[in-house]
Each structure stands twice: as C-alpha cells, then as structure tokens.
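To start, the structure itself, in structure tokens.
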Amino acid sequence: MKRSVKTYSLLAILAFPCLLSSAQRQLVKKWETDSILKVPESVFYDKKNQVLYASNIDGKPDEKDGQGSIAKIGLDGKIINVEWVTGLSAPKGMGVYNNTLWVADLDEVAAIDIKTGTITQRIKVDGAKFLNDITIDKKGVVYVSDSREKKVHAIANGKATLFLDNLEGPNGLLAHNNVLYVLDAGSLLKVDAAKNRVKLAEGMEGGTDGIEPVQKDEFIVSCWGGVIYYVKADGSKEKLLDTRDQKINSADIGYDPKNRIVYVPTFWKNSVVAYELK
C-alpha cells in the first residue's frame, strides 16, 4: 500500500513523541554580565522586585574571611551594585520570604532586609561546616544544606534544627508543592513530610548544584562543573548545556518561570549568563 511522506511523518511522531520534544528543548543565550562579580556562586530571581541577587564568595569557598557579599543585577544583565550587601564570608544559596533575603554563609544563615540592604539577623547552625543551598516553603521554614556534614537543617522561629542526615553530599534544595527535593551527589531525591526518600534521577556528573521547577515533576538541574540538565518526570534527563571544555562553571542557577529564563553564575569567570529555555 502506498503512503504519503506526510503519513509516514505523522506515524513517526505518534510512535516516538519524545523525539519531537527533545529536539525542541534548548538553552538560547540572551546576555552575559560584565566579568566584575566576585566568584558568584548563586543567583536568585526576585519576582516581586524584578531584580537578581548574586552571592559573591570573593575568596575561598570554605573560608570565614568576611570578604563575601551580595550583588544586585538588573534583568537586562546590567550590574546595579557589585557589593549591595557586605559583611558575609563565603555566601552561597539564597531564598526570599516576606521581604527578607536568606543567605547560606558557611556555618550560619544571614537574614537581609531587602528594602535597606542590611543584615538583620544571623542564625548559627550548630556543627555546620559548609552550608550551601537554601529553599523556603510556603510557611516560611528555611531549609539549608550542609554539603560536608551531609545534612539538611530546617530553620523556624529563629532556631535551626536537624531535618535530614545520612546523605551523600547534599547541595541544591527545592521546596515545591509540599515536597522537599534534594540534589545529593549526582542524584535527585524527593522527600515527603514524613521524611521518606525516593530517588527520582541519578547519574548527573559534575557536582549537582541548583534545581528549579519547570512544570509538573520536571526540573532544570545545574552541575557546578559546567553541565545543565533537564530532568523529566520519569527520571530520564537530557543535557541542555555543557561548558566544561571551556572551563566555565554553572553553579546554583536562578529561574524566571514566566519568561523561561535561566540565570547561570559562572563562578571563577565572575559573570552571570541568562539563557532562554526553548
């Protein structure tokens, strides 16, 4: 029986729909800041104030030297203030709740008043060695990972308590739809309210770092070494970006879900790059 080219094309799409979706998904570069940031480890997109915050380590990632700061960047890629907030050591992950920017800073979490740009509180996390990423749930509970101690702590009412332990090397955190997602040494874990853990994906090399939700049960995951993945609901993943050959890192990403813009801190390259997710 004779079939037209159109018929064969339609049958191919029906039989292999993933081929079409995979071909369409990519990151397209929009802009890059000047390289005047100071070892930016994390970027946070502040929807309310329409601005980006970048955490400047400005020194060794594990040294309590007081050199760290937070930069403020416009959504056009122009740097508003390289050192908007100072007085930190090796700041990394960030989160916002009720006009307060929360920042992981080695062994404590700093609270910054967004309106004034001043540090209003420092919450010590007992036994912490390398606090890394932060996420905040709808109730205002702050979760922070300690990559070296292999734990996740929860901060509520100004007090830090242990939430999870016996992990392999936690970094990126995401509180989303009443679930805590944890990037743990190349794997993505789903942790429910009872602290039950389910591994959703694995095999992401280069130091899993940042995680952002895209749509139901699908995420963008960055790896510090220079790789960014799109992780699907079934645990499969596709590589969106790989800048390892160029020696460009992709640390803790930020994301604008409305415009589908991924903000990538390049760490040693001292810039932030914006990509549109197509």
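Residues in segment 242-267 that are open to solvent by 20 Å² or more (accessible area, probe 1.4 Å) and either at pLDDT below 95 or within 22 Å of GLY169 (Cβ to Cβ) (or both): 2 in all. Looking only at segment 165-184, which residues are touching a Phe, Trp or Tyr at 6+ places or on another chain (Cβ under 9 Å) and either closer than 17 Å to GLY127 by Cα or not in a strand (DSSP E or B) (or both)? Result: ASN171, single match. Does segment 66-79 include one or more residues that are open to solvent by less than 10 Å² (accessible area, probe 1.4 Å) and within 16 Å of the chain's Cα centre (by Cα)? Within segment 66-79, one or more residues are open to solvent by less than 10 Å² (accessible area, probe 1.4 Å) and within 16 Å of the chain's Cα centre (by Cα).
Candidates GLU202, GLU238: the one that is open to solvent by less than 70 Å² (accessible area, probe 1.4 Å) and of a type in the set (Asp, Glu) is GLU238.
Scanning segment 154-172 for residues that are farther than 17 Å from ASP107 by Cβ and touching a strand residue (DSSP E or B) at 6+ places or on another chain (Cβ under 8 Å) turns up ALA156, LEU164, LEU167, GLU168, GLY169, GLY172.
crowded, with 18+ Cβ neighbours inside 10 Å and not in a strand (DSSP E or B), is that true of LYS138? When the stated conditions are applied, LYS138 does not pass them. Counting the residues of segment 49-60 that are open to solvent by 10 Å² or more (accessible area, probe 1.4 Å) and touching a residue at least 40 places away in the same chain (Cβ under 8 Å) gives 1. Residue selection: GLY225 fails the criterion of being surrounded by 15 or more Cβ atoms within 10 Å (Cβ to Cβ), closer than 19 Å to LYS92 by Cα, of a type outside the set (Lys, Arg) and touching a strand residue (DSSP E or B) at 6+ places or on another chain (Cβ under 8 Å).
Scanning segment 108-122 for residues that are open to solvent by 10 Å² or more (accessible area, probe 1.4 Å) and not in a loop (DSSP other than H, G, I, E, B) gives GLU108, ASP113, THR118, ILE119, THR120, GLN121, ARG122. Can you name the number of the only condition in (1) outside any strand (DSSP E or B); (2) open to solvent by less than 10 Å² (accessible area, probe 1.4 Å); (3) within 26 Å of LEU101 (Cβ to Cβ) that VAL144 fails? For VAL144, the failing item is (1). Being on the phi > 0 side of the Ramachandran plot and among the basic types (Lys, Arg) is not true of LYS216.
Residue-wise test of (1) closer than 24 Å to LYS64 by Cα; (2) at pLDDT 95 or above; (3) open to solvent by 50 Å² or more (accessible area, probe 1.4 Å).
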{"site": "GLY127", "(1), (2), (3)": "yes, yes, yes"}
{"site": "ASN132", "(1), (2), (3)": "yes, yes, no"}
{"site": "ALA154", "(1), (2), (3)": "yes, yes, no"}
{"site": "LEU188", "(1), (2), (3)": "no, yes, no"}
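The values are calculated or read from the model by the stated rules, or taken from the named source; none is laboratory data. Worth saying up front: this structure is predicted, and the values here are computed from it rather than measured. Note: ideal-geometry Cβ built from the backbone for every residue, glycine included; neighbour counts use all protein chains shown. Quick note on the areas: whole protein, heavy atoms, side chains included, nothing else; ligands and nucleic acids left out. Shrake-Rupley method; radii C 1.70, N 1.55, O 1.52, S 1.80 Å.
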